[in-house]
Every structure is written in C-alpha cells, then in structure tokens.
Amino acid sequence: MGSTAREEMSRFWEKNIGSNRPLSPHVTIYKWSLPMAMSITHRGTGVALSLGVSLFGLAALLLPETFPHYLAQVRALSLGPALLCSAKFLLAFPLSYHTWNGIRHLV
C-alpha cells in the first residue's frame, strides 16, 4: 500500500537531517560578479517600469483633471534644478538601463 504525503515528507526530512546536508545554498555564499549584479538590476528595473506604467495608467483613469493640470501643479512647486534633474534621472534610468541591457542580452 502507498504512503501518505505526510509520511513521505517525514522520511525526506529525517534523511536530510541525518545526513547533515545543507538545506539550500544561501545568496551570501556566492561571490558577487558583474553579470549577477546586472541581472538583478535588470529584474528590478523591469518591476519598477511595470509598476510605474500601471500606476500612471490608473492615475490617468481615476484622477478628475487632465495631465497638463497636474504638470502645472508640479511647476508651481518651484523645485530647484538639482531636484528636477534628479527626478528626471530617476524616471529615465530604469527605461534606458532595461532597454540597453535587454538588447545586450539578445545580442
């Protein structure tokens, strides 16, 4: 007769604990390399882009005014050039990095 899933799992863990095997390699044991960092950054920028586009689309659907109205409100804040350049960089970096890294990967 077959055993239950609970019995199978119990046998599996008893065998692993008895043999002193490591459960799983942890990220801290790996030596960081440039491709590893680029891959993680590519995934992060992809998530940031998808969240940004989704939030922008939701805002366009749900907010009562048009885009030029909100743009005028941002301009009325009179933010300094350093803050504006930083904000522009934070908007442009994920798109440019993700695009160029994707092209690099395809090549």
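The values are calculated or read from the model by the stated rules, or taken from the named source; none is laboratory data. Just so you know, these numbers come straight off a predicted model, no measurement behind them. Reconstructed Cβ throughout: ideal geometry from the backbone, glycine too, with neighbour counts over all protein chains shown. Keep in mind that these areas ignore ligands, DNA and RNA; they rest on the heavy atoms of the full protein, side chains included. Shrake-Rupley method; radii C 1.70, N 1.55, O 1.52, S 1.80 Å.
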Report summary line: With the dipole of the chain defined by +1 on each Lys or Arg Cβ and -1 on each Asp or Glu Cβ, the option from Val53, Gly102, Gln73 whose Cα lies farthest towards the positive pole is Gly102
Query - Computed label-point distance, nm, for sites Trp13 and Leu51 using a 7 Å Cα→Cβ extension - result: 3.4
Query - Interatomic Cα distance distribution for segment 34-106, bins of 5 angstrom, percent - result: 3, 13, 17, 19, 18, 14, 8, 6, 2, 0
Query raised in the report: If you put +1 on each Lys and Arg Cβ and -1 on each Asp and Glu Cβ, how big is the dipole of the chain around its Cα centre, in Debye rounded to 20?
Result: 320
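Probe radius 1.4 Å, ligands and nucleic acids ignored: give me the carbon and sulfur share of the accessible area of the chain as a rounded percent.
71
Heavy-atom accessible area per residue, the chain, 1.4 Å probe: how many Å²?
Per residue, the chain has an accessible area of 90 Å².
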Query raised in the report: What's the center-to-center distance, using Cα atoms, between segment 87-107 and segment 1-52 in Å?
Result: 28
Requested in this report: Would you compute, from DSSP H runs of 4+ residues alone, the mean residue ellipticity of the chain at 222 nm, taking -39500 (n - 2.57) per run and dividing by the full residue count, rounded to the nearest 500?
Outcome: -25500 deg cm²/dmol
Query raised in the report: What is the P(r) of segment 2-68, as percent of Cα-Cα pairs per 5 Å bin from 0?
Result: 3, 12, 9, 10, 9, 8, 8, 12, 10, 8, 5, 3, 3, 0
